[in-house]
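Comments concern the structure below.
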Amino acid sequence: MSFTTHTRESQRNGSKHLWRIIGLSVLLSMLTLASPLASWAASKSNVGDKNLLAMQAAYARNQTARLTALLPTLTGHPLESLGAYWTLKANLENATPQAVNAFFKRWQGTYWEDRLRNDWMLLLIDRQAWPALIDAHNGYRMRDDDQITCGMWRAQRKLGQPQTVDAAAIIALWFQEAPGYRRCQQAVSDLAADQQISADLIWARARQGAENDSRSTMLGALTLIDTAAEPAGKTLFGQPYLWLERYGQQAPSSDWIALALIRMAVNDNRYLTPSLERWMPTLDATQQQQVEATIATLAAQRSEPNAHALFARIDNRYLTDRQRAWKVRAALRQQDWSVVSATVQSMQADQQGESVWQYWLARAHLATQNADAIAQARGILSRIAKGDDYYGLLARDTLGQKISIADKRLKPSKADLKRVGMDPNIRAALSAFQLNLEGEASRQWTYAVALHQPGGMDERDLLAAAEIACQVGWWNRCIHAGTRMQTTPSFMHSYPQPFETDILAQAKEVAIHPAFFYGLIRQESRFNPTARSHAGAFGLMQVMPSTAIWTAKKMGLQRFTPQQLGEHKTNLKVGGNYLKILLEKFDNSVPLAAAAYNAGPRRASRWRPSVEAGTMEAAIWIECIPFNETRQYVQNVIANHAIYAALQTQTAFDLAGLMPPITPIGGLEPEDDTP
């Protein structure tokens, strides 16, 4: 069966039923009757499957006795290791080292062995059981958890062993540690106790928490300055003006005052201006620059016209990485290319090397009209243009190149399909997918493809893995494996086109380019018709129930209920009509409609340039979207759209046609009720 054929087969029958077709025909002939995939496809009636699902329910309820009773019934099941994991993980705090080591030995080489090893090491870190942690870490393969890295650093330090990472790396991980995690904070606490971290760095972390609206981050840093600082820190975080009025005169240091002013700026406190006038003179020059950097960053995020001028008062050396990024964006809005260039070149090497900043640096060089600078810009753009991501496509467009995709339609050999299909971790992942254990299936697959061996599968095996996932309609894992193929890209796997008949029909009905449909769905759900977000969005196009009800009413769809979004044709119809409404409201602008689809049409309207600012280049407007998630979403949808258009037409696609200038007028009127 050709790739096009099996995508159409998926569209007709629904991917959740495709395993019956594939298992009895395609994969049996491709992989032979002895293949694990064949036995997988025929095992749905297996009693072990029912017992595994019963164990899933018991694990969710922490019913340890029931888990223990059901585990023996999974003997020989492809997911016996998952059942064993649930059984031990449910009571891991009370497990003996002997029981844990027995699990490691019995399930050596599986994802669930490494998953439990990770869980066990986190517990050992919390217990400060350093020798046991070192021992458990010896068999650890994933090595992708920063919490383990920080814990191991502490263990090696306590035991006097050579440390695999230095203090600077631990401090960097601490600055990246998300709220709710604490083990890198604990490692830095060790450094602070030994006076091996400067007060300036600790205050920088406190300011990061204050600016990012993370109380736990700010308080964690403050307690390294003063172990008794938490009560005062809580007041400062939540009521900075009150804290300044009550305690500002007695503040232990002016850093506290700077922190309170940052919190007032974040909260957009109405007393900020008089507070700045009163308290800024008490700060030293560096602290004043730090406060002003936060105010300028917030102004840039809010698209305030004075943001660029505010940044002009601040020396780049006082800016954090995040603040430098927003200084570039504020300069882009004003098209001050000299500031764009100077700010990018002031970035740390790793940030400066990112394709986003290299692209804008090249644009700044082009704006100089200097022959040497233009030559340098073309060199940068040529390097970026090798990629197929958003900035790679932008670079091609800037060089005057259209988007052309040479899809070689690579196919793995039968021997490779059979060998990869017999991989126990791939087999277990497919079994979990068959049972709709989507989270467990995806983690197992990612482990098999990317983490089981250093560097992940080679491209030959990735091609086979991608083909297997596509054949069973597991599109997000087909894409996952396909996009890891960098040397010989396989666009038929990284950009599949399932549900072809229905998507093309719906695109025609609402007069939207089918590539926009595919590009948006690839970003929203990875073609999973049962996908559900934490916010409640559902189906292929991830439509919110309230939005679906509103759209169905506009369409005149009778007796519609949100439960119908699980049927992919209805999801496409409702989602497609909502997308059409957004396009009509936003002048058929793909960037604006995509932003509205992700963040809501009211936000997209607010983000348009002001009348005073005038029309704005689309790439600059996209770069200045204040929400990171929405900015990346719009960029990905546009890149997807361009690649799908090139694939579908087999002709060069002009990216500029997707990105006309963004005008300051249009969008939602005040009385508009579009959700």
* Do any residues in the range 52-63 that are within 9 Å of Ala90 (Cα to Cα) have Cβ atoms under 8 Å from those of residues that are open to solvent by 40 Å² or more (accessible area, probe 1.4 Å), where the two are at least six apart or on different chains, and which pairs are they? -> Tyr59/Lys89
* **Filter result (surrounded by 21 or more Cβ atoms within 10 Å (Cβ to Cβ) and over 20 Å from Ser198 (Cβ atoms)) within the range 258-274** => Ala260, Leu261, Arg263, Met264, Ala265
* Asked: Inside the range 315-364, counting only helices (runs of 4 or more DSSP H) that do not spill past its ends, which hold 1 or more residues that are of a type in the set (Val, Ile, Thr) and surrounded by fewer than 23 Cβ atoms within 10 Å (Cβ to Cβ)?
  -> 337-346
* To do: Please tell me if Ala481 is within 22 Å of the chain's Cα centre (by Cα), aliphatic (A, V, I, L, M) and under 21 Å from Glu438 (Cα atoms).
  => yes
* Restricting attention to the range 365-404, report how many residues are open to solvent by 30 Å² or more (accessible area, probe 1.4 Å) and either in a helix (DSSP H, G or I) or over 26 Å from Phe491 (Cβ atoms) (or both). => 16
* **Test: Ala515 is open to solvent by less than 30 Å² (accessible area, probe 1.4 Å) and without any contact (Cβ under 8 Å) to a residue 60 or more places away in the chain** => no
* To do: Enumerate the pairs (first residue in the range 461-479 and open to solvent by less than 10 Å² (accessible area, probe 1.4 Å); second residue anywhere and acidic (Asp, Glu)) with beta-carbon separation below 7 Å, excluding pairs fewer than 6 apart on the same chain, so at least 6 apart or on different chains.
  => Ala464/Asp416
* In the set Arg143, Arg207, which member is out of contact with any helix residue (DSSP H, G or I) (no Cβ under 7 Å at 6 or more places or on another chain) and either charged (D, E, K, R) or at pLDDT below 95 (or both)? -> Arg143
* Odd one out for Ala552 among (1) touching a helix residue (DSSP H, G or I) at 6+ places or on another chain (Cβ under 7 Å); (2) touching a residue at least 24 places away in the same chain (Cβ under 8 Å) -> (2)
* **Subset tally (residues that are surrounded by fewer than 19 Cβ atoms within 10 Å (Cβ to Cβ) and in a helix (DSSP H, G or I)) for the range 290-314** => 3
* Asked: Looking only at the range 518-546, which residues are among the hydrophobic types (A, V, I, L, M, F, W, C), under 23 Å from Asn436 (Cβ atoms) and in contact (Cβ under 8 Å) with a residue 40 or more places away in the chain?
  -> Phe527, Leu540, Met544
* Is it true that Glu612 is within 28 Å of the chain's Cα centre (by Cα) and among the charged types (D, E, K, R)? -> no
* **Selection within the range 525-559 - under 19 Å from Thr674 (Cα atoms) and either surrounded by fewer than 18 Cβ atoms within 10 Å (Cβ to Cβ) or touching a Cys at 6+ places or on another chain (Cβ under 7 Å) (or both)** => Ala535, Gly536, Pro545, Ser546, Ile549, Trp550, Lys553, Lys554, Met555, Gly556, Leu557
* Asked: Looking at the range 609-644, which of its residues are at pLDDT below 95 and surrounded by 15 or more Cβ atoms within 10 Å (Cβ to Cβ)?
  -> Pro609
* To do: Return yes when Pro252 is more than 22 Å from Gln185 (Cα to Cα), assigned to a loop (DSSP other than H, G, I, E, B) and not basic (Lys, Arg) and no when it is not.
  => yes
* Asked: Of the residues Ala646, Ala652, Ala596, which is more than 30 Å from Lys408 (Cα to Cα) and of a type in the set (A, V, I, L, M)?
  -> Ala596
* Asked: Could you list, in sequence order, the residues of the range 291-310 that are touching a residue at least 24 places away in the same chain (Cβ under 8 Å) and either under 22 Å from Met616 (Cβ atoms) or more than 29 Å from the chain's Cα centre (by Cα) (or both)?
  -> Val291, Ala296, Thr297, Leu298, Ala299, Ala300, Gln301, Arg302, Ser303, Pro305, Ala307, His308
* For the range 405-418, does any single residue satisfy the condition of being touching a residue at least 60 places away in the same chain (Cβ under 8 Å), over 24 Å from Asp144 (Cβ atoms), more than 23 Å from the chain's Cα centre (by Cα) and buried (at least 22 other Cβ atoms within 10 Å of the Cβ)? -> yes
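The values are calculated or read from the model by the stated rules, or taken from the named source; none is laboratory data. Keep in mind it's a predicted model, so treat the numbers as computed, not measured. Positions of Cβ are backbone-derived with ideal geometry, glycine not excepted, and every protein chain shown enters the neighbour counts. Calculation scope for accessible area: heavy atoms of the full protein, side chains included, ligands and nucleic acids excluded. Shrake-Rupley method; radii C 1.70, N 1.55, O 1.52, S 1.80 Å.
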